[in-house]
Amino acid sequence: ETPARCYTRTAAASRICEVHFAYQIINLVISIKLEGLSQPEMIGHHVMAAALALEARRAGLFQWYSLYFLAVSEISTIPLCIMAWFEQFPRFLELHWAMRIIDTVSQFTFAGLFVFFRIFAWAYLSKDFWLDSIALIRQKRHHSLPAILMFQSVNVLLSVLQLYWLSLIVEGALKLGS
């Protein structure tokens with residue numbers, strides 16, 4: 001039986017899709033404009049996340065999952081933004097000894113939140129997403145097969161991207177430790 005959550009629309013999830021779409025478009029522009037942020041994987045991430053948010057909002061497809069993938073998983077972005085601030089404006093690290101502590105705490109906080117939300121919880125919810133999306137296809141209970149295939153493809157690509165970013169975090173931690 002296909003879970004009702006596959007096409008359950010909620011005002012909160014719809015709003016999250018709208019906000020996330022705008023957020024990804026803004027980040028796409030920033031990634032293109034700012035030196036050091038215009039890597040292909042960043043641009044691809046923003047385009048794929050925006051496309052998912054738009055389709056989830058438009059069709060109501062997988063809005064239940066959008067609560068996690070478009071909102072909760074972004075919690076690691078908060079300390080990442082602090083890290084990016086200090087990276088873009090290193091002179092702030094010299095203003096006061098507390099700035100270096102804030103930077104270091106944000107690095108460790110980011111790594112911990114990333115591993116929990118973008119690796120473990122992401123994998124757990126991706127498994128459920130795949131079971132649900134496959135059930136929709138098998139039971140022919142979907143509005144658009146291409147839309148479901150897009151969600152599945154983007155889930156694979158973003159999951160691989162999470163693992164790539166994890167490798168960068170581990171590499172950075174190893175450099176810190178040596």
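The values are calculated or read from the model by the stated rules, or taken from the named source; none is laboratory data. None of the values given here were measured: they were computed from a predicted structure. In this analysis, Cβ positions are derived from the backbone assuming ideal geometry, glycine residues included, and neighbour counts consider all displayed protein chains. The accessibility values were calculated without ligands, DNA or RNA, using every heavy atom of the protein model including side chains. Shrake-Rupley method; radii C 1.70, N 1.55, O 1.52, S 1.80 Å.
What whole-number distance in Å separates the alpha-carbon centres of region 3-80 and region 119-144?
18 Å
How much accessible area per residue does region 89-163 have, counting only protein heavy atoms and a probe of 1.4 Å, in square angstrom?
On a per-residue basis, region 89-163 sits at 60 Å².
Enumerate the calculated ³J(HN,Hα) couplings along region 157-169 in order (Karplus 6.51 cos²θ - 1.76 cosθ + 1.60, θ = phi - 60°), each rounded to whole Hz, writing x wherever the residue is Gly or Pro.
Going residue by residue, I get 4, 5, 5, 5, 5, 4, 5, 4, 5, 4, 4, 5, 5 Hz, with x marking Gly and Pro.
Taking the dipole about the Cα centre of the chain, with the C-beta of Lys and Arg at +1 and of Asp and Glu at -1, give me whichever of LEU125, ALA50, HIS142 is farthest to the positive side.
HIS142
Please list, in order along region 65-74, the HN-Hα scalar couplings obtained from phi with the Karplus expression 6.51 cos²θ - 1.76 cosθ + 1.60 (θ = phi - 60°), rounded to whole Hz, x for Gly and Pro.
6, 4, 4, 8, 5, 9, 10, 4, 4, 6
Tally up the carbon and sulfur contribution to the accessible surface of the chain as a whole percent, 1.4 Å probe, everything protein left in place.
Summing carbon and sulfur atoms, their accessible area is 72 percent of the total for the chain.
When all protein chains stay in place, what accessible area (Å², nearest 10, 1.4 Å probe) is found for ARG141?
120 Å²
Over the chain, what relative contact order in percent results from Cα pairs under 8 Å that are six or more residues apart?
Values: 151 pairs, mean separation 42.6, N = 178.
In percent, rounded to a whole number, it is 24.
Taking only C-alpha pairs under 8 Å that are 6+ residues apart, what is the relative contact order of region 67-115 in percent?
48 percent
Please report, to one decimal in angstroms, the Kirkwood hydrodynamic radius of the chain built from all distinct Cα-Cα pairs.
Its Kirkwood hydrodynamic radius stands at 17.6 Å.
Answer with one residue from ILE30, SER66, GLN88: the one whose Cα lies farthest towards the positive end of the charge dipole of the chain, charges on Cβ with Lys, Arg +1 and Asp, Glu -1.
SER66
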